[in-house]
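Read through the structure below, which is laid out as structure tokens, and then see the notes.
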Amino acid sequence: MDPFGWKLINLIIHLLNGVLVFLLTRRLLTIVRTAPSAANKHTRGGLEASPVSIVAALTAAGWMLLPINLTGVLYVVQREESMANLFVLLGLIGYVAGRQWMLASTTTTDESKSEWGGFWICTTSLIIPTAIGMLAKETAVMLPLYAFLIEWIVFGFRRQDQTHTASDGAQNGYIISLFIVLLIIPMIAGLAWQIPHVLNPANWAARDFTLGQRLLSEARVVCDYLVWTVLPTPHALSFYHDDFRISTGLLSPWTTLASLFVLAALVVLVFWLRQRRPMVALGIALFLGCQLLTGTILQLELVYEHRNYFASFGVLLAVVPWLAETGSGSATPSYLSRTVLAGLMLWWTGLTALTAYAWSDPLRLAQELAERAPDSPRAQYELGRTYIIYSHYDSASPYTKLAYAPLERAANLPESSILPQQALIFMNSRMGLPLKAQWWDSMIAKLKARKSGVQDESSLAALAECARDGSCPLPTDRMVQAFEVALSHPAPSARLQATYSSYAWNVLDNHTLGLHMIEGAVNSSPSEPSYRVTLVRMLAANGDDAKARTALEQLQTMNLGGRLDATIQSLQALLDKPAPPASSDTLR
């Protein structure tokens, strides 16, 4: 339970990624600087550009210090994000090195050998790191797209280096074929797999937004990400973003349409700057490309800062080299731009340090995040929950009194789940304190007003389990009322039905209701074996061996790879001996 070791390893991974960012940036800057194109005109007739290694080091340092990347390090579970991008960066470095090798041929004799050697480096660098990175997180699948953007903007699909061959502008068919196989075909297959699922309205039932609303909202989210990366503020980087207003139309809110214009302008800039400022164009392209997975059609939550772990590299690739370059014809712009860069670096460092300090203590973190996001139900709930943990369920603890204000504030926020009410009821019940009627009324009213979400179902499950274990003497009439209004909505989830089944069987001692609800859970989620296991146990406890054996046979068809062997053996043993008297202990 000591988080130090976990966060230390996360920090080490982040530092390794910083080294890889430096190596990749230095290679890209070197290629762009040496190319005899319009990209280098800004170094002619003016002061000399900054050394490549210094600019690359500034880019890497800025990326490692960005406040928006802090959750990718200190939020322990997001090791999956940093580890996946470790292999993404390794793959990009390998791809760029392979392309440099392919373009380095200077004689006809070794041209074929050099080109094929470099091609296989490119191929291996895309396939192996993608496969390994996806074992950490699916975001590693974006590696071929990032490599394609680098190829398009930096290398231009050239067959040989324009400085070494007369065949200037000849395109490399091998590289084009590589991206057809590793990017275009998988992308089409992935869309064919996802589109039917995404277009089914039933699959959006667990979210409080539709596909169209998500796409409109993500336009604003992506623009927010861009601002939060370059000019972050404590209130912007609040970790909890459940108070984000969903876009219901182009002008609801009006920033939706404005954000769409900004994104369109960024796409135009990529094409316009591709020859003039290739690093700026590449940075913008990488930032936008990174958002295609988590900021479009997938049914994810709308906002998370750690989704910008790689995207923020694209932003700094566009900003830092541009600010670090000297002016053309006059030194004044150079001093101004470098002063701006220094100011940004100091701001990023200071905000990251302050936030990291808050993360070093659970209570301080909860207080900081609640202050940053006063209208976030999750932030307020988390502060109240932390106070409860610190109280150790001691009514005399000073933390007990502190818990009420943030929990009641969270409960009164219009878009909140029933988590705050559940925490208040749970806390007072565990401590033997009175339960306010308004907590129950508020919770039941929310369950009646809208279909239960994941947090609502988790809250009911926590109360039901506490009552079942005897730790919370909760009024059964209120609990039944809460379950009945939650189940009154069309197509209640299997989880909700299974939760009420357990409560009815173990607390209400109503086996008929318990059996009915678990049968509903099985019908709602026929591929989930745990509900069938409970069904077999209930039928056996009721002495209905025939139906129990039928249910067990159905469960055996789900025993893929022997994953249910132990469970099935225990159920078989239960059915082979006389059924015990039906009691609440049977199903625990």
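So GLU218 clears everything in (1) free of Cβ contacts under 8 Å to residues at least 60 places away in the same chain; (2) surrounded by 15 or more Cβ atoms within 10 Å (Cβ to Cβ) except one condition, right? Which one?
Among (1) free of Cβ contacts under 8 Å to residues at least 60 places away in the same chain; (2) surrounded by 15 or more Cβ atoms within 10 Å (Cβ to Cβ), GLU218 violates only (1).
Quick check on my filter: what residues within the stretch 425-444 are in a helix (DSSP H, G or I), over 13 Å from SER391 (Cβ atoms) and open to solvent by less than 60 Å² (accessible area, probe 1.4 Å)?
Once the filter is applied, which keeps residues that are in a helix (DSSP H, G or I), over 13 Å from SER391 (Cβ atoms) and open to solvent by less than 60 Å² (accessible area, probe 1.4 Å), the stretch 425-444 yields ILE425, SER429, ALA437, TRP439, TRP440, SER442, MET443, ILE444.
Taking the stretch 178-233 on its own, how many of its residues are assigned to a helix (DSSP H, G or I) and under 28 Å from SER417 (Cβ atoms)?
The total comes to 23.
Regarding the stretch 395-403, can at least one residue be identified that is surrounded by fewer than 23 Cβ atoms within 10 Å (Cβ to Cβ) and on the phi > 0 side of the Ramachandran plot?
No: the stretch 395-403 contains no residue that is surrounded by fewer than 23 Cβ atoms within 10 Å (Cβ to Cβ) and on the phi > 0 side of the Ramachandran plot.
With respect to ARG307, determine if the residue is charged (D, E, K, R), in contact with a Ser or Thr (Cβ under 9 Å, 6 or more places away or on another chain), buried (at least 23 other Cβ atoms within 10 Å of the Cβ) and touching a residue at least 40 places away in the same chain (Cβ under 8 Å).
Yes; evaluated as a whole, the condition is true for this residue.
Could you list, in sequence order, the residues of the stretch 371-394 that are open to solvent by 20 Å² or more (accessible area, probe 1.4 Å) and outside any helix (DSSP H, G or I)?
Passing the criteria: PRO374, ASP375, HIS392, TYR393, ASP394.
Applying the selection to the stretch 121-135, what residues are touching a residue at least 40 places away in the same chain (Cβ under 8 Å) and either in contact with a Lys or Arg (Cβ under 6 Å, 6 or more places away or on another chain) or open to solvent by less than 30 Å² (accessible area, probe 1.4 Å) (or both)?
Passing the criteria: CYS122, THR123, LEU126, PRO129, THR130, GLY133.
Give me the pairs: first residue in the stretch 257-280 and within 18 Å of SER217 (Cβ to Cβ), second residue among the aromatic types (Phe, Trp, Tyr) and open to solvent by 30 Å² or more (accessible area, probe 1.4 Å), beta-carbon distance under 7 Å, and six or more apart or on different chains, which are they?
none
How many residues, within the stretch 86-104, are within 25 Å of the chain's Cα centre (by Cα) and open to solvent by 10 Å² or more (accessible area, probe 1.4 Å)?
The total comes to 4.
Going through the stretch 452-488 one residue at a time, which ones are open to solvent by 20 Å² or more (accessible area, probe 1.4 Å), farther than 17 Å from ASN510 by Cβ, outside any helix (DSSP H, G or I) and not small (Gly, Ala, Ser)?
ASP469, PRO473
Could you check how many residues of the stretch 239-256 are of a type in the set (Ser, Thr, Tyr) and part of a loop (DSSP other than H, G, I, E, B)?
Selection size over the stretch 239-256: 3.
Provide a single number: the residues in the stretch 489-530 that are among the aliphatic types (A, V, I, L, M), farther than 20 Å from LEU552 by Cβ, surrounded by 16 or more Cβ atoms within 10 Å (Cβ to Cβ) and within 31 Å of the chain's Cα centre (by Cα).
Qualifying residue count for the region: 1.
Just checking, does the stretch 51-61 include any residue being crowded, with 21+ Cβ neighbours inside 10 Å and part of a loop (DSSP other than H, G, I, E, B)?
No, the stretch 51-61 contains no residue that is crowded, with 21+ Cβ neighbours inside 10 Å and part of a loop (DSSP other than H, G, I, E, B).
Taking only pairs six or more apart or across chains, which ones have beta-carbon atoms under 7 Å, a first residue in the stretch 109-120 that is at pLDDT 65 or above, and a second residue that is open to solvent by 20 Å² or more (accessible area, probe 1.4 Å)?
Qualifying pairs under 7 Å: SER114/TRP101; SER114/ALA104; GLY117/TRP101; GLY118/TRP101; PHE119/TYR174.
The values are calculated or read from the model by the stated rules, or taken from the named source; none is laboratory data. Keep in mind the model is a prediction, meaning the values are calculated, not measured. Here the Cβ is made from the backbone with ideal geometry for all residues, glycine too, and neighbour counts use every protein chain on show. Protein only, heavy atoms only, side chains kept; ligands, DNA and RNA dropped before computing areas. Shrake-Rupley method; radii C 1.70, N 1.55, O 1.52, S 1.80 Å.
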